[in-house]
Amino acid sequence: QVQLVESGGGLVQAGGSLRFSCVASGSTFSSYVMGWFRQAPGKEREFVAAISWSGGRTYYTDSVKGRFTISRDNSKNTVYLQMNSLKPEDTAVYYCAAGSRLGGRQTTDFGSWGQGTQVTVSS
């Protein structure tokens, strides 16, 4: 099973940018579909973005299209989430996840999870 460690969260003003990194260990990184989810207080964990094994295909939830970019570097066992034009409604704990189903957007499509990193966007 792969272990995932996120970094890059913090406090940012609306309109600002942040970049998350998620480093994987313990298994073959390139064999996993990677995703990012988020969970705001009192809400369910929701899909944000995912990327295929080689990085050739990406998927986004509608609310982040054009603002967030997911990418991966298999030589570094790392997946990234670049977040631009941040909004207060992006405030959440963000989780990195590894799975095997391309196109999956449910939490059940991903079997390994990071510990989460907090993002707070102030207005």
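The values are calculated or read from the model by the stated rules, or taken from the named source; none is laboratory data. Being a predicted model, the structure only gives us computed values, none of them experimental. Note that each Cβ is placed from the backbone with ideal geometry, even for glycine, and that neighbours are counted across all protein chains shown. All accessible areas refer to the heavy atoms of the entire protein, side chains included, with ligands and DNA or RNA removed. Shrake-Rupley method; radii C 1.70, N 1.55, O 1.52, S 1.80 Å.
Using only Cα atoms, locate the centre of the range 1-73 and the centre of the range 80-104, then give the distance between them in Å, rounded to an integer. Spelled out, the Cα-based centre of one part sits 4 Å from the other. When a 1.4 Å probe is rolled over the protein heavy atoms, the share of accessible surface on the range 1-119 that falls to carbon and sulfur comes to 45 percent. Derived from the Cα gyration tensor, the three semi-axes of the equivalent ellipsoid of the range 1-49 are 24, 15, 10 Å, largest first. One way to sum up the overall shape of the range 23-71 is the equivalent ellipsoid from its Cα gyration tensor, whose semi-axes run 22, 15, 7 Å, largest first. The gain in end-to-end length when the Val5 to Arg57 segment is fully stretched comes to 16.4 nm, 0.36 nm per residue minus the alpha carbon separation. Just so you know, the Cα atoms of the range 1-115 work out to an Rg and Dmax of 13.0, 37 Å.
Computed over the chain with a Gaussian network model linking Cα atoms closer than 10 Å, the most mobile of Arg67, Arg105, Arg19 is Arg67.
Gly8 sits among other residues whose Cβ lies under 14 Å from its own Cβ, and their net charge, with Lys and Arg +1 and Asp and Glu -1, is 0.
Note on the chain: with a GNM built from Cα contacts shorter than 10 Å, the maximum mean-square fluctuation among Thr61, Thr108, Thr69 falls on Thr108. Other residues within the sphere of radius under 12 Å centred on the Cβ of Ser52, judged by their own Cβ, net out at +3 (K and R +1, D and E -1). Taken per residue, the accessible surface of the chain reaches 49 Å², heavy atoms only and a 1.4 Å probe.
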